[in-house]
Amino acid sequence: MSCTHPFVNTALSPTTDLRRMFCLERERSQLGISGRRTFNACLNVDAQPVDSEKLGKVGFGKSMMEMEGRVLVGTYARTPVVLASGKGCKLYDAEGREYLDMSSGIAVNALGHGDPDWVKAVVEQANTLTHVSNLYYSIPQVELAKRLVDCSFADRVFFANSGTEANEAAIKFARKFQRHTQPDETQLRTEFISFTNSFHGRTMGALALTSKEQYRSPFEPVMPGVTFVEYGNIQATKKLMEHGKTAAVFVEPIQGEGGIYSATREFLQFLRSSCDEVGALLVFDEVQCGLGRTGYLWAHEAYGVHPDIMTLAKPLAGGLPIGAALVTEKVASTIKSGDHGSTFAGSPLVCKAALAVLNKISDPSFLASVSNKGQNFIELLKQKLEWSPHVKEVRGLGLIIGIELDVSASRLVDVCRDLGLLVLTAGKGNVVRLVPPLIITEQELERAAAIIFQALPVLEKELL
């Protein structure tokens, strides 16, 4: 029998490497009463960080990329940068080069890197209790659920581990709601409506709701019963919903992966009234656009329309894995014990981190600053970039912004990186996506705009 004994009472400081100390001691084997040989061993491992002497040396990043190619499944076309540390809105690679982060780990690090309150919450909770499963109650999970309910339309919360898991939960809840409210199997509403340019995740149910064919086709058949309609097309959606088979409509108030396209108030109001008329649920996917990204706590608040279910994930725990499906009581009342679940979801550690994030972002002054910075940044980008014949549009709300080009954005993204700016692509690869930490300063945004302006000439070469 082996045992591990961590020093659970050892204080962990946010300024340290957060090493986990274990004592290594092997005791002699003993012959038990049963005649079986037993072993009492205390495993003690000092988990060392990457050798700091190697960081900063030329070639270290390249060696790590080569090692990655040998040991990881090749699901990612990674940018050739090995990031080693970060602080605020700055990231540093293995050679010590600095980058201004306008990607936030794909809209995740809303408070930037190493926020002191977030670090304090994580360290204190790690010293207290990390995981217990959902067989038991845990304090941070209940506290986080209450905070989410108090600051949203929702009555109850289901926790998951990612955005795709949150959307899988919404799919199941919609099916269960329809079965509960319409027990006649011949009249059961089981189908879903999603929209062009949508992205809802990569697991099989959420993937079926994702419009990009290249994501779905290698894994077909995916979940049947999903119809895609042009985003914003009221007449086409109305015609589809009239047949009475729709269980739920999934829509992003602002499409992130799809190219930073915003719904209109008229379109979302139509979806709300139509869902009510035919008995379907309205699901807002705010995995990327929610939680302060738009300058509103929830993106749908800008439109004055509330859903039956809202899915969240990316920024909620500040970089730790979490997802959530927020639901009204009419939905929650149809879900019973055993209908859904997760081992890891809503752990004390992750929920404590999420509380630190939510407490900061939900502050009205914080949201106002996001809105103001976003408005100013969009205007600055328009002034600096719209002279270029390759810039078709600068659009967005708050700090979720897209620069649409008439050519591929990949070379512009590469040059920006070479100049010390990390940005993303979206849409069909022709949109530069800007989703910086929400704490970014006006000066940093000005620097980002200047670098993008400096990189623009590469678009002329794109046509050669």
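What the table below lists for this structure:
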item: Residues of segment 283-307 that turn out to be open to solvent by 10 Å² or more (accessible area, probe 1.4 Å) and part of a loop (DSSP other than H, G, I, E, B), as a count; result: 8
item: Qualifying residue in segment 157-174 (condition: in a loop (DSSP other than H, G, I, E, B) and either under 27 Å from C351 (Cβ atoms) or not polar (S, T, N, Q) (or both)); result: yes
item: Residue pairs meeting the criteria (Cβ under 7 Å; at least 6 apart or on separate chains; first of a type in the set (K, R), in segment 72-101; second part of a loop (DSSP other than H, G, I, E, B)); result: K87/G114
item: Residues satisfying the stated conditions in segment 416-443, i.e. of a type outside the set (S, T, N, Q) and surrounded by fewer than 19 Cβ atoms within 10 Å (Cβ to Cβ); result: R417, D418, L419, G420, K428, G429, E442
item: Residue under evaluation E393, criteria (1) within 18 Å of E446 (Cα to Cα); (2) without any contact (Cβ under 8 Å) to a residue 12 or more places away in the chain; (3) not β-branched (V, I, T), criterion not met; result: (1)
item: Helices (runs of 4 or more DSSP H) contained entirely in segment 354-464, each with at least 1 residues that are in contact with a His (Cβ under 6 Å, 6 or more places away or on another chain); result: 458-462
item: S162, sole failed condition from (1) open to solvent by 30 Å² or more (accessible area, probe 1.4 Å); (2) out of contact with any strand residue (DSSP E or B) (no Cβ under 6 Å at 6 or more places or on another chain); result: (2)
item: Counted residues, segment 105-156 - those being in a helix (DSSP H, G or I), open to solvent by 60 Å² or more (accessible area, probe 1.4 Å) and within 28 Å of G88 (Cα to Cα); result: 7
item: Residue within segment 250-265 that is β-branched (V, I, T), open to solvent by 10 Å² or more (accessible area, probe 1.4 Å) and within 30 Å of E185 (Cα to Cα) present; result: no
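This table checks each residue for (1) under 29 Å from R147 (Cβ atoms); (2) open to solvent by less than 50 Å² (accessible area, probe 1.4 Å); (3) in contact with a Cys (Cβ under 6 Å, 6 or more places away or on another chain); (4) modelled with pLDDT of 95 or more.
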| residue | (1), (2), (3), (4) |
| --- | --- |
| A166 | yes, yes, no, yes |
| R175 | yes, no, no, yes |
| T186 | no, no, no, no |
| S198 | yes, yes, no, yes |
| G201 | yes, yes, no, yes |
| I234 | no, yes, no, yes |
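The values are calculated or read from the model by the stated rules, or taken from the named source; none is laboratory data. Since we're looking at a predicted model, the values are computed, not measured. So basically every Cβ, Gly included, is an ideal-geometry build from the backbone, and we count neighbours across all protein chains shown. SASA here: full protein model, heavy atoms, side chains in, ligands and nucleic acids out. Shrake-Rupley method; radii C 1.70, N 1.55, O 1.52, S 1.80 Å.
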